[in-house]
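Heads up: the structure comes next, in structure tokens.
The values are calculated or read from the model by the stated rules, or taken from the named source; none is laboratory data. All values derive from a computational prediction rather than experimental measurement. Cβ atoms come from the backbone with ideal geometry, glycine included; neighbour counts cover every protein chain shown.
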Amino acid sequence: MIFTEAEREYLATQSLGRLASIGPGGGRQVNPVTYWVNVGTETIEVGGPGLGGSQKFRNIQADPRISFVVDDVATEPVGPGGQRGRGLEVRGRAEVLAVDRPLMEGFCREVIRIHPRRVIAWNVDGPGKNARNVTRNPAN
């Protein structure tokens, strides 16, 4: 299992993340994106209108290394010392592909699929940080 139950629930309650890819000159490019968790493959899928023509799409075709962050401010304290910030960072590799039909109305068929290798969560499973490398089932 890649994500804990609490992480899966947290990701399901958010609708916006930030995807960092590596641009042609080696600089980082960060973009706000819509995403969803594919429970069957334990990947994160990013979509959007015109995604296949975007710089982030081209970046990933050239270099699949990415970081993806989802965070927010909770209404009640969730961390040490009354912290209300919480979130999740996923580091890994991404692939670009086309799906049979768009994941949402108005989106194109191209998607970015993120395969996690490291998950860093803070104040999601409980107070404090939870960082770990993740391994995938070889069949996936």
Filter the stretch 44-73 for residues that are surrounded by 15 or more Cβ atoms within 10 Å (Cβ to Cβ) and aliphatic (A, V, I, L, M); which is nearest to PRO24 (Cα to Cα)?
-> ILE60
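With ALA62, ALA98, ALA121 as the choices, which residue is under 14 Å from the mean Cα position of the chain (by Cα) and small (Gly, Ala, Ser)? Walk me through it before giving the result.
On the way: ALA62 fails: under 14 Å from the mean Cα position of the chain (by Cα); ALA98 fails: under 14 Å from the mean Cα position of the chain (by Cα).
Answer to the selection: ALA121.
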What number goes with the only condition from (1) out of contact with any Pro (no Cβ under 9 Å at 6 or more places or on another chain); (2) within 22 Å of ILE22 (Cα to Cα) that ARG91 does not pass?
-> (1)
Exactly one condition in (1) modelled with pLDDT of 95 or more; (2) in contact with a strand residue (DSSP E or B) (Cβ under 6 Å, 6 or more places away or on another chain) is not met by ASN38; state its number.
-> (1)
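Name the residues in the stretch 8-22 that are in a helix (DSSP H, G or I) and either among the hydrophobic types (A, V, I, L, M, F, W, C) or more than 20 Å from ASN38 (Cα to Cα) (or both), would you? Walk me through how you get there before you give the answer.
The first filter runs over the stretch 8-22 and keeps only residues in a helix (DSSP H, G or I), leaving 8-13.
Those that are in a helix (DSSP H, G or I) and either among the hydrophobic types (A, V, I, L, M, F, W, C) or more than 20 Å from ASN38 (Cα to Cα) (or both): LEU11, ALA12.
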Within the stretch 88-95, is even one residue farther than 17 Å from ARG117 by Cβ and either of a type in the set (Val, Ile, Thr) or out of contact with any helix residue (DSSP H, G or I) (no Cβ under 9 Å at 6 or more places or on another chain) (or both)?
-> no
Which of the residues belonging to the stretch 23-75 are outside any strand (DSSP E or B) and in contact (Cβ under 8 Å) with a residue 60 or more places away in the chain?
-> THR41, GLU42, GLY48, LEU51
Lone unmet requirement of (1) surrounded by 14 or more Cβ atoms within 10 Å (Cβ to Cβ); (2) free of Cβ contacts under 8 Å to residues at least 12 places away in the same chain for ARG117 | (2)
Which numbered condition GLY79 fails, given (1) without any contact (Cβ under 8 Å) to a residue 40 or more places away in the chain; (2) over 16 Å from the mean Cα position of the chain (by Cα) = (1)
